[in-house]
Amino acid sequence: MRSPKDFFAPLAVGAPEPLRQIPVPPSRMIHFFDPSNEKMAAKVPDLAKKVDVLLGNLEDAVRADRKEAARNGLVAIAKATDFGKTQLWTRVNSLDSPWVLDDLITLVTEIGDKLDVIMVPKVEGAQDIHYVDRLLAQLEARAGLTKPLLVHAILETASGVVNVEEIAGASPRMQGISLGPADLAASRRMKTTRVGGGHPGYLVRTDPTGEDLNAGRTTYQQDLWHYTVARMVDACAANGILPYYGPFGDIRDVVACEDQFRNAFLLGCVGAWSLHPVQIDIAKKVFSPAPEDVAWARRVIAAMGDGTGAVMIDGKMQDDASVKQCRVVAELADALAADDPELAAAYDAATKEASA
Ligand SMILES: CC(C)(COP(=O)(O)OP(=O)(O)OC[C@H]1O[C@@H](n2cnc3c(N)ncnc32)[C@H](O)[C@@H]1OP(=O)(O)O)[C@@H](O)C(=O)NCCC(=O)NCCSC(=O)C[C@](C)(O)C(=O)O
Ligand SMILES: [Mg+2]
């Protein structure tokens, strides 16, 4: 580990200075596309107008014989497209694959100035981040980049979960972490066969009411991902980086997708992945605070003055800690509304109604 004194020193001569604060532009949805798929690629300029993050995926879901086409496709798309304020990310192949070295060399050299974040799959521990960190510094220096690339890890191995705190703090490049439920399930030898979401067999049952053990017993499906998401959120918050729920593979089930995303939002995640255009609006809705919550938060902040003491609002006690929660909601709402007049109007209308 580097000493705290040189944690923010560049890892190669001529590489840009690492950032001291991770930027937090909206990233409610990280929209995945395969740059080798012509139909998806054609949609990129339009998608760039409606998503917070576009991610050119080079890893799983891209066939082995399309890896080079995906890499070259991403270079061509990045050079040809004006992304406006939308961030461009990539997911490179895993560090044990034969493609990742060429992914990093080509992307940083060709489009390093257009990329914001490099997502690294199957991270096992801080050593994986250190490897990428040094390599990126060398490539940035050679390409003459002035802005450091940030790194996002996918939490999708049992070792990664065990080491999640050290991964989150492994480099000043660390921007965030996403849950990768499919690979994580395989790595843990879970007996699910899905990409994220729940499972009807994972449940609790109320006690028996009589002799018949089957009669009158309600079951409640439980969240398979609660432990991992909560642990990831703490690791990220403690290191000043951002947690995300990952993919929800049942594209048709927009209802359960919204539930899974909302659980993550309530636990502290800032966004989720959209794998299909239908999931973009779900993520936008869920990861933008609801207008009535924003109105309430603004009301509490106004009533609490300098933020100390205790007051009663609608029968509920508010104090220093509740106003801090309200600030989280209100500040997120303000940041999102700054670039979204429709959202700004919805927040202002709800605030007006609540104070009427
Ligand atoms: C699910 C699939 C096969 C259904 O694709 P489809 O063509 O069968 O669906 P469709 O409903 O017929 O598509 C309608 C239209 O939307 C287009 N379209 C469809 N999807 C997209 C998209 N993402 N971006 C842009 N356009 C898209 C599609 O090309 C089509 O265009 P058309 O109207 O011109 O014919 C397709 O949506 C897809 O390949 N999505 C991306 C999958 C992906 O990236 N998977 C990897 C991330 S999850 C993961 O890796 C796990 C993890 C974290 O690692 C771990 O848990 O371990
Ligand atoms: Mg995976």
Practice problem: Go through the stretch 176-191 and give me each residue that's more than 14 Å from ligand 2 (Cβ to nearest atom) and crowded, with 24+ Cβ neighbours inside 10 Å. | Solution: Gly176
Quiz item: Is it the case that the stretch 296-308 has a residue that's aromatic (Phe, Trp, Tyr), within 24 Å of Ala48 (Cα to Cα) and at pLDDT 95 or above?
Solution: no
Quiz item: Just a yes or no: is a residue in the stretch 234-257 in contact (Cβ under 8 Å) with a residue 40 or more places away in the chain, out of contact with any strand residue (DSSP E or B) (no Cβ under 8 Å at 6 or more places or on another chain) and crowded, with 20+ Cβ neighbours inside 10 Å?
Solution: yes
Quiz prompt | Of residues in the stretch 121-140 being within 16 Å of ligand 1 (Cβ to nearest atom) and touching a residue at least 60 places away in the same chain (Cβ under 8 Å), the one surrounded by the most Cβ atoms within 10 Å (Cβ to Cβ) | solution = Pro121
Quiz prompt | the stretch 24-41, residues that are more than 7 Å from ligand 1 (Cβ to nearest atom) and either touching a strand residue (DSSP E or B) at 6+ places or on another chain (Cβ under 6 Å) or free of Cβ contacts under 8 Å to residues at least 60 places away in the same chain (or both) | solution = Ser27, Arg28, Met29, Ile30, Pro35, Ser36, Glu38, Ala41
Self-check item: Criterion (in contact with a helix residue (DSSP H, G or I) (Cβ under 6 Å, 6 or more places away or on another chain) and part of a helix (DSSP H, G or I)) met by exactly one of Ala344, Ala349, Ala321
Solution: Ala344
Quiz item: crowded, with 24+ Cβ neighbours inside 10 Å, more than 17 Å from the chain's Cα centre (by Cα) and either modelled with pLDDT of 95 or more or of a type in the set (S, T, N, Q) (or both): does that describe Ala143?
Solution: no
Self-check item: Among (1) in contact with a helix residue (DSSP H, G or I) (Cβ under 8 Å, 6 or more places away or on another chain); (2) within 16 Å of ligand 1 (Cβ to nearest atom) - the single one Leu275 does not satisfy
Solution: (1)
Quiz item: What are the residue pairs meeting all of these: first residue in the stretch 141-158, first residue more than 19 Å from Ile241 (Cβ to Cβ), second residue within 16 Å of ligand 1 (Cβ to nearest atom) and not hydrophobic (A, V, I, L, M, F, W, C), Cβ atoms under 8 Å, and 6 or more apart or on different chains?
Solution: Ala158/Ser187; Ala158/Arg188
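The values are calculated or read from the model by the stated rules, or taken from the named source; none is laboratory data. Predicted model, so just to flag it, every value in this text is computed and none were measured. When we count neighbours, we look across all protein chains shown, and the Cβ atoms used for this are built from the backbone with ideal geometry, even at glycine.
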